[in-house]
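The values are calculated or read from the model by the stated rules, or taken from the named source; none is laboratory data. Please read these numbers as outputs of a predicted model, since none were measured by experiment. Cβ placement follows ideal geometry from the backbone for every residue including glycine, while neighbour counts extend to all protein chains displayed.
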Amino acid sequence: MKKKWWHGKTAYQIYPKSFYDTNGDGIGDLEGITEKLDYLKDLGIDILWISPVYLSPFADQGYDIADYCAIDPIFGSMEDMDRLLGEAKKRGIAVIMDLVVNHCSDEHPWFAEACRDPEGPYGKYFYLRQVKDGKLPCNWRSYFGGPVWERIGETDWYYLHLFHKKQPDLNWENPELRQEIYRMMNWWLDRGVAGFRADAIINIKKPLPFRDYPADREDGLCDMGTVLKDADGIMEFLDEMRDQTLAPHDAFSVGEVFNDKAEELPDFIGENGCFSSIFDFSQTVEGKSAKGWYACRVPEPDDYKRCCFESQRRSEGVGFFSNIIENHDEPRGVSYYLPGYAQNLRGKKLLAAMYFMLKGLPFIYQGQEIGMENMRFASIDEVDDVNSRFEYQVCLDAGLSREQALQVVSLYSRDNARTPFQWDGSPNGGFSGAKPWLKVNPNYREINVRAQQGDSDSLLSFYKKLIRLRKDPQWADAAVYGRTVPLMEEKTGLMAYLRKGEDRDLLVLGNFNAKELTLSVRQLLSGGQMGESGGPETLESAPVLINNDDGLDREGDTLRLAPLQAVVIGIVHKNNK
Ligand code: GLC
Ligand code: CA
């Protein structure tokens, strides 16, 4: 595999509205990110993905952009942005922006022009259709509920929006629109951003001409997941985008790609792929239902493991997935993937080690490093997110009580991840001097940066150790490039894998069970062909590089993992000792 500048890095996602507020309006800002760069540097972060800070009416929290080359005043100014880029650069941190180009805002001047003159040049920037007989061009369901078609004022013109009606879809079939986007991307790249996270990118190719699909709910509409399976040819757009923007800048790009087709993976992240990486969402979609949240099932540890390993197999020899346990669209990973008995410091470290040591680029979402948890919403009024409010209604329509519906929303809502960052134990968690735009999780008194900073046993310190291991010259080859070999996959509650490097391996072991787990080293390693590479037959003297416990019970062929124990053991190949 050809080595790239970003391969050994650790990335971090910032959701600016909730990160740090410096001017006391209850909303996080760019100045707040700049102020916390030293914190991020100390953590070991090299790549920073910043969720949208562009001019926006915030119908979907900034994912509805009214001007791609302007900063929204709630976040600050373009000078603040330049200062952030400069300060980040000084610390060796690369900043990537959110690229939201499947749609813009209905308040973008392009859309205003399109509405004014649907048959003019800007009309072709969008999907506009005339509707004469009341029959919409197709029966697709918007991700946020209802049909994807919305009427323009009192006219007989309608426009397409796969997301909120304030997010009209851009027409990628139009080469002029594409050039417009590439110009904007190059403008940012020239300004000093290191790349992009490509939002909802799989949606830019629609199966045309528009037609109805079999309805999958009583609303007579069809889920976009089904529709997009028929969309062919997205690579023509993405390859062009790479050639005209990303490649000439040696930029890092990571795609938000759901429902990719297995055979397309090399096109996305292979040697000549359109992106550097795409997120692995296999655990996120596990247990999800097209019917709505009320019909979803939370994955168990063995499901989690299976999803991870499947993705490791798929990407081996192809490229790098970007690995996450949460982001701004998901509930908190520790509240979601860990069973009740594991929702504690020990369990949080276990989950951290298991995902972080996988092959790929690890992303940490703000607050994950201190173990921020899901919120307890007292009523639906405390939920801000459009999508969560829609799903609440879907629950009620399906016959759930209000209480049940709130429970479902509390488990899956992305507002769980959007509560303000917990910096310390002072009011509002030290996030802001004013009332924050979204309620702070009351557990900020226990869970915050200040409380963990000086504590070598804290989750924050544990993450630092993981990040350092990835950079340690002795182990970096295995941690970054080592092939992943799953071990004893059938063993309930055990997540075990080797990362096989050139002359050293990393053995990653996690016990998700509430009980101790006894393993035979010989049996464990037989799947990893240790004989061939000349590893030791016992692990008695192999160094334990990461451990969420005080010790490790091992003797001869026997190794005992305590409940929820996670360890990473370093193995030097025999012939290299
Ligand atoms: C992506 C974003 C999400 C947003 C959607 C529409 O999924 O991550 O927050 O709502 O795209 O832009
Ligand atoms: Ca502010």
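Assorted remarks:
- Neighbours by Cβ (under 8 Å, 6+ apart or cross-chain): first from the stretch 235-258, within 14 Å of Lys205 (Cα to Cα); second part of a helix (DSSP H, G or I) and among the small types (Gly, Ala, Ser): Phe258/Gly225
- Boolean, Met81 is modelled with pLDDT of 95 or more, away from ligand 1 (no atom under 14 Å from the Cβ) and among the aliphatic types (A, V, I, L, M): yes
- Of note, Gly319 does not satisfy the criterion of being buried (at least 24 other Cβ atoms within 10 Å of the Cβ) and farther than 23 Å from Arg376 by Cβ.
- Of all residues in the stretch 27-56, those that are closer than 21 Å to Trp188 by Cβ and part of a loop (DSSP other than H, G, I, E, B) have Cβ atoms under 6 Å from Cβ atoms of residues that are of a type in the set (Gly, Ala, Ser) and away from ligand 1 (no atom under 16 Å from the Cβ), 6 or more apart or on another chain, in Asp29/Gly76.
- Any hit, the stretch 165-179, residues being part of a loop (DSSP other than H, G, I, E, B), aliphatic (A, V, I, L, M) and either outside the structural domain of Leu265 (by TED's automatic domain parsing) or within 16 Å of ligand 2 (Cβ to nearest atom) (or both): no
- The stretch 69-83: number of residues that are touching a Leu at 6+ places or on another chain (Cβ under 7 Å) and away from ligand 2 (no atom under 14 Å from the Cβ): 2
- The residue of the stretch 1-26 that is surrounded by the most Cβ atoms within 10 Å (Cβ to Cβ), among those that are part of a loop (DSSP other than H, G, I, E, B) and small (Gly, Ala, Ser), is Gly26.
- Flag for Leu30 being on the phi < 0 side of the Ramachandran plot and over 22 Å from the mean Cα position of the chain (by Cα): no
- Selected residue (only one of Tyr341, Tyr304 is among the aromatic types (Phe, Trp, Tyr), in contact (Cβ under 8 Å) with a residue 24 or more places away in the chain, in a helix (DSSP H, G or I) and buried (at least 21 other Cβ atoms within 10 Å of the Cβ)): Tyr304
- Candidate set from the stretch 526-577 (those that are of a type in the set (Gly, Ala, Ser) and part of a helix (DSSP H, G or I)); member that is modelled with the highest pLDDT: Ser526
- Residue match in the stretch 88-110 (condition: of a type in the set (Ser, Thr, Tyr) and part of a helix (DSSP H, G or I)): no
- For the stretch 147-164, a residue qualifies if it is farther than 15 Å from Asn203 by Cα and touching a residue at least 60 places away in the same chain (Cβ under 8 Å), and exactly one does: Pro147.
- Note on the stretch 309-338: among residues that are of a type in the set (Ser, Thr, Tyr) and in a helix (DSSP H, G or I), the one that is nearest to ligand 1 (Cβ to nearest atom) is Tyr336.
- Check on Glu286, in the same structural domain as Glu330 (by TED's automatic domain parsing), modelled with pLDDT under 95 and among the charged types (D, E, K, R): no
- When the stretch 31-55 is limited to residues that are closer than 17 Å to Pro420 by Cα and touching a Ser or Thr at 6+ places or on another chain (Cβ under 8 Å), the one that is nearest to ligand 1 (Cβ to nearest atom) turns out to be Gly32.
- Counted residues, the stretch 414-427 - those being in contact with a helix residue (DSSP H, G or I) (Cβ under 8 Å, 6 or more places away or on another chain) and more than 16 Å from ligand 1 (Cβ to nearest atom): 6
- Taken over the stretch 18-27, the criterion of being under 17 Å from Trp49 (Cβ atoms) and away from ligand 1 (no atom under 16 Å from the Cβ) is satisfied by Tyr20 alone.
- Taking (1) over 18 Å from the mean Cα position of the chain (by Cα); (2) not assigned by TED's automatic domain parsing to the domain that holds Gly220 in turn, Leu350 satisfies each apart from (2).
- In the stretch 221-253, the residue that is nearest to Asp98 (Cα to Cα) out of those that are out of contact with any Pro (no Cβ under 9 Å at 6 or more places or on another chain) and part of a loop (DSSP other than H, G, I, E, B) is Ala251.
- Hits in the stretch 375-392 - residues which are surrounded by fewer than 16 Cβ atoms within 10 Å (Cβ to Cβ) and either hydroxyl-bearing (Ser, Thr, Tyr) or within 16 Å of ligand 2 (Cβ to nearest atom) (or both): Ser379
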